[in-house]
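The values are calculated or read from the model by the stated rules, or taken from the named source; none is laboratory data. Here the structure is a predicted model, which means the values were calculated and not measured. Glycine gets a Cβ as well: all are built from the backbone with ideal geometry, and neighbour counts include every protein chain shown. Ligands, DNA and RNA are stripped out before the accessible areas are found, and what is left, the full protein with its side chains, is counted by its heavy atoms. Shrake-Rupley method; radii C 1.70, N 1.55, O 1.52, S 1.80 Å.
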Amino acid sequence: MKTGTIMEKLPVIVGFGGYNAAGRTSFHHGFRRMIIESLNAQDRAETLAGLAVMCKIVAIKDGDYVCQDGQPLTLQEIETRYKQQILDATLVRRIEKRYFDVDNVSWQQSVSPNNAEATTFVLSNRHLPQPTPASWSLKKIDDKNTQVTLSENTDIYVTSLRNYGVKAAGQLPSNFDPGDHYNARFHPKGLQMTVMGVSDALHSTGIKWDKIKNAVRPDQISVYASSAMGQCDENGSGGMMMSRQKGGRVTAKQLALGLNTMPGDFINAYVLGNVGTTGATTGACASFLYNLKNGVEAIQKNQARVVIVGCSEAPLTPEVIDGYTTMGACGTATGLRELEGIGPEQEPDYRKSSRPFGENCGFTLSESAQFFVLMDDTLAVELGAQIQGAISDVFINADGFKKSIPSPGPGNYLTLAKAVAAARDLVGMEAVQNNSFIMAHGSSTPQNRTTESELLSRIATTFEINNWPGVAVKAYTG
């Protein structure tokens, strides 16, 4: 393609990797977990073995699979012994206690004593708050202790436990901890996943990074990576926001590591040693595509020849889930029971919590880190890279005036129509009509179920596409 006299480069995907509820992304391992019922015997056995290692069910010793007692295992033995355990440890499922106990979530319950007699207790002098609350009356007992008398209707916060309404999420495979694989001290989980995910993507190219780096100028390497939610766990913004209420202290790292630019910063500083262009764009669910657009344009404009794009999100904390639940966005156990027509004493099928385009009750949060390694087509050929795909363009449009930020708008129609038109111009209308498919947003909310269906139907009608296949990966990964 030409723009004036300048030859426009074609961005191609030469590597992809990351981690999510389906396992490791590179070499289609995660994809094979999602379609495991359709795999042939050899591919199924290899997929299960890889997941078994991730879940620490089996190990690799001297190139062989071994069980916990060191005895060697064949692929067939791994499948026979551990298949169900491996399947249960992946994809969307009940939230595991390594995150938090969904049946007993810690809560600060506000209570106001209202007794005829005053409420009195004794505190160590060093535990007395400063200044003394107006509702407290103090009486010194000795040099170490003071008697406190509370006036009526004084608010007291008591640590309590609650049964959480949201009980399912798309979690990394059971027992897989990205922090186990490098020196991850004090790194929020989202950044641990970033380091692991981008390393997986780089290894998937089959070309040593030094060879790629030496083939271009230092300023021809770009990184566009971000996190829409930032780092919300104890080592990031979450810990910083909660420290005062918990009587703790903010650390020197929590604010900096909590920034949503940190995935890109970590890739530049700790993985690549990059001095080229960098950026971090966020756009809720579309953050990956925002960064991808930046990367594609950098290659097309000849501003970069190698680009890393991606996102990392680790939002599985009670506080973040609270926020989405209060919005009415998250599917709850009660909602799933209503869909399945079962009573409150029965457990719903948490595996089917995310139901794009079906009868649903809300979306399912998940954690994931995903990255592409892009090159211009000329460089990819020069280095002998295996080309996984090409990206001619990425379209993003705003939604104009609307009553609610999360609600859909006209930008969706513009975006998808432009994408279909671009594909038509690139490969022809017949190919689009007969050999294309839609990777749908499929968020599994009642509103999305109807609005996205309407969007797809109208665009298909406009371009005369019949029987348009559609898939929604969130059904498996959240």
Original post:
On a 0 to 90 degree scale, rounded to 10, what angle separates helix 287-300 from the longest Cα axis of the chain?
Top reply: 40
Original post:
Which angle between 0 and 90 degrees, to the nearest 10, do you get for helix 75-88 versus the longest principal axis of the chain when only C-alpha atoms count?
Top reply: 50
Subject >> Coil-residue GluC sites (Glu not before Pro) of the stretch 262-351, DSSP, other Cβ within 10 Å capped at 13 >> reply: Glu345
Subject >> For the chain, size of Cβ-based charge dipole, Lys and Arg +1, Asp and Glu -1, in debye >> reply: 780
Original post:
Normalised by the residues of the chain, what does the relative contact order come to in percent, with Cα pairs under 8 Å and at least six apart?
Top reply: 20
Original post:
When the Cα atoms of the stretch 192-273 are enclosed in a convex hull and the volume is divided per residue, what value in Å³ results?
Top reply: 89
**OP:** Measure out, as a whole number of angstrom, how far apart the alpha-carbon centroids of the stretch 344-364 and the stretch 394-447 sit.
**Re:** 26
Subject >> Long-range HN-HN contacts of Tyr65 with modeled amide H, under 5 Å >> reply: Leu73
Original post:
Can you give the helix-only mean residue ellipticity at 222 nm for the chain, where every DSSP H stretch with n ≥ 4 adds -39500 (n - 2.57) and the sum goes over all residues, rounded to the nearest 500 deg cm²/dmol?
Top reply: -9500 deg cm²/dmol
Subject >> Semi-axis lengths (Å, descending) of the ellipsoid that matches the C-alpha gyration tensor of the stretch 236-305 >> reply: 32, 15, 6
Subject >> Accessible area of the stretch 68-113 belonging to carbon and sulfur atoms, whole % at 1.4 Å probe >> reply: 48
**OP:** Could you give me the percent of Cα pairs per 10 Å distance bin for the stretch 298-436, shortest bin first, beginning at zero and ending with the bin that holds the maximum distance?
**Re:** 9, 21, 30, 24, 13, 3, 0
Subject >> Average Cα contact separation per residue, the stretch 292-441, under 8 Å, 6 or more apart, as relative contact order % >> reply: 24
Original post:
In whole percent, what relative contact order does the stretch 350-419 give with Cα contacts below 8 Å and a gap of six or more residues?
Top reply: 19
**OP:** Calculate, axis by axis, the spread of Cα positions in the chain along the three principal axes, and write the results as whole Å, longest axis first.
**Re:** 87, 54, 53
**OP:** Straight distance only, please: which lysines reach the Cα of Lys301 with their own Cα at less than 24 Å, same-chain residues fewer than 8 apart left out?
**Re:** Lys2, Lys9, Lys211, Lys213, Lys293, Lys418
Subject >> For the stretch 150-222, with +1 on Lys and Arg beta carbons and -1 on Asp and Glu, the positive-most of Val195, Pro218, Tyr157 along the dipole >> reply: Pro218
Original post:
So what is the diffusion coefficient of the stretch 143-234 in µm² per second by Stokes-Einstein at 4 °C and 1.567 mPa s, using a Kirkwood Rh over Cα pairs?
Top reply: 68
Original post:
Relative to the first principal axis of the alpha-carbon coordinates of the chain, what is the inclination of helix 446-462, with its axis defined by its Cα atoms, in degrees from 0 to 90 and to the nearest 10?
Top reply: 10
Original post:
Each residue of the stretch 306-315 in turn: what ³J(HN,Hα) in whole Hz from Karplus with 6.51, -1.76, 1.60 and θ = phi - 60°, glycine and Pro shown as x?
Top reply: 10, 9, 9, 10, x, 8, 9, 9, 9, x
Original post:
If you roll a 1.4 Å probe over the stretch 372-478 with all protein chains in place, what percent of the accessible area is carbon or sulfur?
Top reply: 56
Original post:
If you take the C-alpha gyration tensor of the stretch 333-415, multiply each eigenvalue by 5 and take the square root, what semi-axes do you get, largest first, in whole Å?
Top reply: 40, 23, 10
Original post:
Any idea what diffusion coefficient the stretch 303-381 gets from Stokes-Einstein, in µm²/s, Kirkwood Rh on alpha carbon pairs, 4 °C, 1.567 mPa s?
Top reply: 83
Subject >> If the convex hull is drawn through the Cα atoms of the stretch 189-229, its volume per residue in Å³ >> reply: 80
Original post:
How much accessible area per residue does the chain have, in Å², with a 1.4 Å probe?
Top reply: 53
Original post:
So what does Trp136 come to for accessible area, using a 1.4 Å probe and Å² rounded to 10?
Top reply: 60
Subject >> Carbon + sulfur, % of accessible area of the stretch 262-313 - ligands and nucleic acids excluded, 1.4 Å >> reply: 51
Original post:
Out of every Cα pair in the stretch 169-317, what percent are spaced more than 20 Å from each other?
Top reply: 51
